[in-house]
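Peer 1: Let me begin by handing over the structure; questions about it come next.
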Amino acid sequence: MAVVQKEQLAQRFAEIRQRVYAACKHANRDPDEICLVAVSKRHSADLVRDAYALGQRDFGENYVQELVDKAEQLKDLTDLRWHFIGHLQRNKAKKIIELGAQLQTLDSFSLLQELNRRCSSSAQKLQVWVQVNLAEEPQKSGCKPQELPRLISKVKESQWLKLQGLMLIPPAEIPENNALWFERLRKLGESLGVTRFSMGMSADFEIAIAAGSTCVRIGTDLFGTRA
Ligand SMILES: *Cc1c(COP(=O)(O)O)cnc(C)c1O
């Protein structure tokens with residue numbers, strides 16, 4: 001699957017919206033509960049603009065510099081919402097705050113402290129999702145499940161950070177097996193009073209919706225393969 005051409009984009013978005021709708025119907029859920037984040041990493045700003053013209057407003061990026069460049073090229077689209085979904089190094093936190101992006105990958109106390117410090121010095125709020133490394137995979141970012149309660153309470157204590165929900169990148173190999181991880185995250189979150197969950201990508205978003213996802217992050221199925 002190559003990069004999607006402008007002419008195909010409307011059909012791709014229509015297909016994905018239809019699949020989100022069908023997955024919700026199947027799970028007896030309201031489709032309005034689901035935020036579709038179009039993951040535009042390694043695709044051009046022009047393609048984002050085309051998707052915006054189709055009514056898409058939420059976009060996900062993984063790399064700070066790429067996000068900064070795209071946001072600059074698209075700054076006339078004032079109601080476009082950026083979601084940062086890559087690992088964030090502390091020394092780049094300032095950029096995410098300046099852009100007003102949602103941070104989906106808060107995963108440590110040291111990052112939280114840096115965000116607090118930066119937000120308070122510029123008097124800016126930041127919407128955050130706490131990323132959980134539920135399977136405790138050594139190579140993956142995300143906080144440990146046992147660190148989650150304290151991290152959540154620290155976010156809630158902060159006057160600058162606004163908790164959106166929990167985010168998960170499960171062990172990917174077999175999409176069907178991810179149902180277990182999705183359900184575990186939802187139960188863990190609910191036990192801590194969290195009701196929103198960012199989980200599900202191209203290969204498994206229907207499974208994630210069945211398990212309670214409220215935010216799906218879809219790249220390949222919308223935009224084609226990445227450069
Ligand atoms: C790239 C990426 C996605 C999108 O993945 P696709 O399989 O292309 O839909 C979603 N979430 C995160 C965190 C990603 O890095």
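Peer 1: Might you check whether a residue that is hydrophobic (A, V, I, L, M, F, W, C), in a helix (DSSP H, G or I), surrounded by 21 or more Cβ atoms within 10 Å (Cβ to Cβ) and touching a residue at least 12 places away in the same chain (Cβ under 8 Å) occurs anywhere in the range 158-178? Before you say what the answer is, go through the steps one by one.
Peer 2: Taking the range 158-178 first, the residues hydrophobic (A, V, I, L, M, F, W, C) are 160-161, 163, 166-169, 172, 174.
When the remaining residues are screened for being in a helix (DSSP H, G or I), the result is none.
Among the residues of the range 158-178, not one is hydrophobic (A, V, I, L, M, F, W, C), in a helix (DSSP H, G or I), surrounded by 21 or more Cβ atoms within 10 Å (Cβ to Cβ) and touching a residue at least 12 places away in the same chain (Cβ under 8 Å), which makes the answer no.
Peer 1: For the range 107-148, what are the residues that are under 18 Å from residue 91 (Cβ atoms) and either β-branched (Val, Ile, Thr) or assigned to a strand (DSSP E or B) (or both)?
Peer 2: Once the filter is applied, which keeps residues that are under 18 Å from residue 91 (Cβ atoms) and either β-branched (Val, Ile, Thr) or assigned to a strand (DSSP E or B) (or both), the range 107-148 yields 126, 128.
Peer 1: Could you list all residues from the range 189-227 that are assigned to a loop (DSSP other than H, G, I, E, B) and either near the ligand (Cβ under 8 Å from one of its atoms) or of a type in the set (Lys, Arg) (or both)?
Peer 2: Selection gives 196, 201, 202, 203, 219, 226.
Peer 1: I need a count of the residues in the range 10-27 that are away from the ligand (no atom under 16 Å from the Cβ) and either among the acidic types (Asp, Glu) or in a loop (DSSP other than H, G, I, E, B) (or both).
Peer 2: Initial filter on the range 10-27 (away from the ligand (no atom under 16 Å from the Cβ)): 10-11, 14, 18, 21-22, 24-27.
Then drop every residue that is not either among the acidic types (Asp, Glu) or in a loop (DSSP other than H, G, I, E, B) (or both), which leaves 27.
Residues that pass the stated criteria total 1.
Peer 1: If residue 88 passes every condition in (1) of a type in the set (A, V, I, L, M, F, W, C); (2) under 19 Å from the mean Cα position of the chain (by Cα); (3) more than 16 Å from the ligand (Cβ to nearest atom) but one, which one does it miss?
Peer 2: Of the numbered conditions (1) of a type in the set (A, V, I, L, M, F, W, C); (2) under 19 Å from the mean Cα position of the chain (by Cα); (3) more than 16 Å from the ligand (Cβ to nearest atom), the odd one out for residue 88 is (3).
Peer 1: For the list (1) within 16 Å of the ligand (Cβ to nearest atom); (2) among the small types (Gly, Ala, Ser); (3) out of contact with any Asp or Glu (no Cβ under 7 Å at 6 or more places or on another chain), I need the number of the one condition that residue 141 fails.
Peer 2: (3)
Peer 1: Being assigned to a helix (DSSP H, G or I) and either crowded, with 20+ Cβ neighbours inside 10 Å or among the basic types (Lys, Arg) (or both) is the filter here, so list the residues in the range 28-43 that pass it. Show your work before the answer.
Peer 2: The initial filter retains those residues of the range 28-43 that are assigned to a helix (DSSP H, G or I), namely 31-33.
Residues satisfying the conditions do not exist here.
Peer 1: Separate question: Looking at the structure I just gave you, is residue 164 of a type outside the set (Phe, Trp, Tyr), closer than 18 Å to residue 108 by Cα and at pLDDT below 95? Full working, then the answer.
Peer 2: Values: of a type outside the set (Phe, Trp, Tyr): yes; closer than 18 Å to residue 108 by Cα: yes; at pLDDT below 95: no.
No, not satisfied.
The values are calculated or read from the model by the stated rules, or taken from the named source; none is laboratory data. Just so it is clear, the model here is predicted, and its values are computed rather than measured. Using ideal geometry, Cβ is built from the backbone for each residue, glycine included, and neighbour counts are taken over all protein chains shown.
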